[in-house]
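Novice: Would you mind keeping the following structure in view while I ask a few things?
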Amino acid sequence: MPRCYRGVARDINNDLGSGWLQVLDQLDEAVIVLDQERILRHANHAARRLLGYEEGQTIGGRCRATTRGIDCEIACPLTFALKTGMKTVEDFATVYHTVDGRALHLDVTIIPLETDGGEFLGAVEILRPNTPRPGFFTCGLSEIATDLQRKAAEMASSEGDLALVGEGPSCLDVARTIHRFSGLPDNLFSVWNGTWSDAVPWPPGTVYAYGNELYSDIEGSRPEGWRIIVGTAERDGLDGIELWELPPLVELADDLERMIGVWVDEMAPGKSVTAAALKQLVFIARESGLEEVEHILQTALAAASDRVDVHHLPENGQRMVLVDEILKTDNPLAALEETVLREVVERSGWRMQEAAERLGISRVTLWRKMKDLGIEKSS
């Protein structure tokens, strides 16, 4: 540990009102100080503003009770630092909560403090806000898109079930955005596959399904704490659940280019789309809707090496077929299977269970097929 922190550490235990705390109060970054028992002993002005405490308001109690972090019980970064002997844990991504319950997405740096003899005296935490990126449907810069982001944040602070009225792709994307804004990690967002058997009992997350007729089946057997968000094209048949009708694409016309560009990056990280292809995709979205664009992008991204161009897109809005490309290979059937498997695995973020569920096969079968076809993440 740097010598300066050793010197400071002795003051934590003896006199929390000394001059170095006044120095912390002058910093623009949010900083909190914990003692040996992980009791919050000081929060500088920036930390108070971030956590929602008023100046002069008494704060204290254990760190977990004050910050209500989602990782406190299962992956405390301070515990990790102490067990591993690390002098600093930098940019630990987590979520704390403000006094009024708002989720704070943070990158936290933890610096354990000790004496020259190695005695643990407490820790300093530096809290840096890290707002999660909205999904493609809410990423625009127009006033309507800004309102969508604000509404999604409001919905994220609620725990009640929700029905989104709109096209399938937009409903799924907004549901995922609400989940992220609530402070939960992506692995706790699940698309309904007909059973709760794969849902972890704790911590609870969000399950999404498209079709208002599914809500009663899902709601009746849910594990405690899980939130249900359904997407639907119709408002009927969803009594007793909050409804949010998403705006039609015509109202987001100024944002369509940005939306589709972000969508491409989400579907295939690292790939992009040319200006000419983007212009054609915007036209298709206006004429045929997002579901048609989704089908086209799935095929185009599978065919494109690093960038979707006009020749990857269908003419007159009809879906492109990869048969010509596949037939150029030595083993067309194997090439087709490899293309499908690789694309599904990549879209699932290399989460094998999720990819296997999308393909309708077991995870063991998926692993075997990937091994036979030479599909590896590094490639």
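Here is a yes/no grid of residues against (1) within 19 Å of G122 (Cα to Cα); (2) modelled with pLDDT of 80 or more:
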| residue | (1), (2) |
| --- | --- |
| C4 | yes, no |
| G19 | yes, no |
| L24 | yes, yes |
| A43 | yes, yes |
| R62 | yes, no |
| I74 | no, no |
| T79 | yes, no |
| V89 | yes, yes |
| V95 | no, no |
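Novice: Would you list the strands (runs of 3 or more DSSP E) that sit entirely within region 87-136 and hold 2 or more residues that are open to solvent by 40 Å² or more (accessible area, probe 1.4 Å)?
Specialist: Correct list: 89-97, 120-129.
Novice: Give me the pairs, please: first residue somewhere in region 142-166 and hydroxyl-bearing (S, T, Y), second residue anywhere and open to solvent by 60 Å² or more (accessible area, probe 1.4 Å) and in a strand (DSSP E or B), beta-carbon distance under 9 Å, and either six or more positions apart or on two chains.
Specialist: Hits for this filter: S158/E242.
Novice: Can I ask one more? Which residue out of N187, N193 is closer than 24 Å to R363 by Cα, out of contact with any strand residue (DSSP E or B) (no Cβ under 6 Å at 6 or more places or on another chain) and part of a helix (DSSP H, G or I)?
Specialist: Step by step, each of N187, N193 is checked, and only N187 is closer than 24 Å to R363 by Cα, out of contact with any strand residue (DSSP E or B) (no Cβ under 6 Å at 6 or more places or on another chain) and part of a helix (DSSP H, G or I).
Novice: Conditions first: (1) more than 27 Å from E346 (Cα to Cα); (2) part of a helix (DSSP H, G or I); (3) open to solvent by less than 70 Å² (accessible area, probe 1.4 Å). E251 passes all but one, so which condition is the exception?
Specialist: Of the numbered conditions (1) more than 27 Å from E346 (Cα to Cα); (2) part of a helix (DSSP H, G or I); (3) open to solvent by less than 70 Å² (accessible area, probe 1.4 Å), the odd one out for E251 is (3).
Novice: Considering region 342-379 alone, what residues qualify as being part of a loop (DSSP other than H, G, I, E, B) and farther than 23 Å from R176 by Cα?
Specialist: Across region 342-379, the qualifying residues are I361, S362, G374, I375, E376, K377, S378, S379.
Novice: When only residues in region 319-330 that are open to solvent by 70 Å² or more (accessible area, probe 1.4 Å), assigned to a loop (DSSP other than H, G, I, E, B) and touching a helix residue (DSSP H, G or I) at 6+ places or on another chain (Cβ under 9 Å) count, which is modelled with the highest pLDDT?
Specialist: Here the answer is K328.
Novice: Any residue in region 240-256 that is acidic (D, E) and free of Cβ contacts under 8 Å to residues at least 40 places away in the same chain?
Specialist: No, every residue in region 240-256 fails to be acidic (D, E) and free of Cβ contacts under 8 Å to residues at least 40 places away in the same chain.
Novice: Within region 281-303, is even one residue farther than 23 Å from L249 by Cα and either crowded, with 16+ Cβ neighbours inside 10 Å or modelled with pLDDT of 90 or more (or both)?
Specialist: Checking region 281-303: at least one residue is farther than 23 Å from L249 by Cα and either crowded, with 16+ Cβ neighbours inside 10 Å or modelled with pLDDT of 90 or more (or both).
Novice: Let me ask you something else. Could you list, in sequence order, the residues of region 219-235 that are touching a strand residue (DSSP E or B) at 6+ places or on another chain (Cβ under 8 Å), farther than 13 Å from E159 by Cβ and surrounded by fewer than 19 Cβ atoms within 10 Å (Cβ to Cβ)?
Specialist: Those that are touching a strand residue (DSSP E or B) at 6+ places or on another chain (Cβ under 8 Å), farther than 13 Å from E159 by Cβ and surrounded by fewer than 19 Cβ atoms within 10 Å (Cβ to Cβ): E219, A233, E234, R235.
The values are calculated or read from the model by the stated rules, or taken from the named source; none is laboratory data. The structure displayed is predicted, hence computed values, not measured ones. Positions of Cβ are generated from backbone atoms using ideal geometry, with glycine treated the same way; all protein chains shown enter the neighbour counts. Remember, those area values only see protein heavy atoms, side chains included, never the ligands or the DNA or RNA. Shrake-Rupley method; radii C 1.70, N 1.55, O 1.52, S 1.80 Å.
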